[in-house]
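Written below as structure tokens is the structure these notes are about.
The values are calculated or read from the model by the stated rules, or taken from the named source; none is laboratory data. All values derive from a computational prediction rather than experimental measurement. Every residue, glycine among them, receives a Cβ derived from its backbone with ideal geometry; neighbour counts consider all protein chains shown.
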Amino acid sequence: MLENTVPEGHSSPQSHQNTENASPLQAYLNTLRDSSSPLSTTVEALHSLFTNPIHKLTPSITPAGKRLFSITNTENPSLSGTADLNTLGRIHLVAADRCTRAHAPLKMRFMHASLDEPIEELYGESEDLLRAGLKDGSVVFPPLDENERGVCACCRGDPDAVILCSFHHNEALFFFEDEYRVLFGEERECGSRSGGGERWLMASKEQIERKIEEEEKAINMEKESKL
């Protein structure tokens, strides 16, 4: 696990680009970030960005410490230019929560969870660049905003802090407790959280894979019985 170099209460600067001035890649991410974007569209888009063998996601750092990235080896003009890495990170984090609250299908949850390591690796590369810039003086953080002082970046939910601390792993595998029990019975959960009168239980990737296989086997048997 990498230690985030961002000082307590100070995440790397966030993007507030408006769509008119945004690069095609940033505009594309802004569309995915919109809460009206279907969850399936968002997760599949994230999966495509990370798993397309043609794409190479390359991080960079501005002199003020802002995390950016670009996609090389792409022939898609809608993915050209640079974009805020934390926009991508926030889309990933929010999509995980949506998987839970929308009772997403198991395959979609598993697809999302499979991206947890790739996005952490991308942030790790970004962190290496940031550390190097801070060391040689080519990167200097701006002064803290009044609202940032004394506030934990992870507690605030800043994507770079959350992901570099590995707090994002398997978040899409949280289920409402009753939903978990229907799927997995009394099998022990991998984690739990509660709040607002609700309780959620986390399944393992192995549990999800097994349940997907069981469901596919049941579907195939039903098809065969109708032949």
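Structure data summary
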| quantity | calculated |
| --- | --- |
| Matching entry among V162, V140, V182 (being β-branched (V, I, T) and in a loop (DSSP other than H, G, I, E, B)) | V140 |
| E125 vs. criteria touching a strand residue (DSSP E or B) at 6+ places or on another chain (Cβ under 8 Å), modelled with pLDDT of 95 or more, of a type in the set (D, E) and in a helix (DSSP H, G or I) | yes |
| Single residue of segment 142-187 satisfying the filter (under 13 Å from the mean Cα position of the chain (by Cα) and β-branched (V, I, T)) that is farthest from E206 (Cα to Cα) | V162 |
| Considering residues of segment 185-227 that are aliphatic (A, V, I, L, M) and in a strand (DSSP E or B) only, the residue surrounded by the most Cβ atoms within 10 Å (Cβ to Cβ) | L201 |
| Cross-chain or 6+ apart pairs with Cβ under 6 Å, segment 155-168 first and in the same structural domain as A96 (by TED's automatic domain parsing) and charged (D, E, K, R), then surrounded by 15 or more Cβ atoms within 10 Å (Cβ to Cβ) and assigned to a helix (DSSP H, G or I) | D160/N86 |
| Residue among L134, L85, L130 that alone is within 23 Å of S35 (Cβ to Cβ) and at pLDDT 95 or above | L85 |
| Filter result for the condition that a residue is within 22 Å of W200 (Cβ to Cβ) and among the aromatic types (F, W, Y), over F50, F110 | F110 |
| Leading residue by the ranking (modelled with the highest pLDDT) among those in segment 1-43 that are touching a Gly at 6+ places or on another chain (Cβ under 6 Å) and of a type in the set (A, V, I, L, M) | L25 |
| Residue list for segment 117-147, filter: crowded, with 16+ Cβ neighbours inside 10 Å, within 23 Å of D97 (Cβ to Cβ) and among the acidic types (D, E) | E120 |
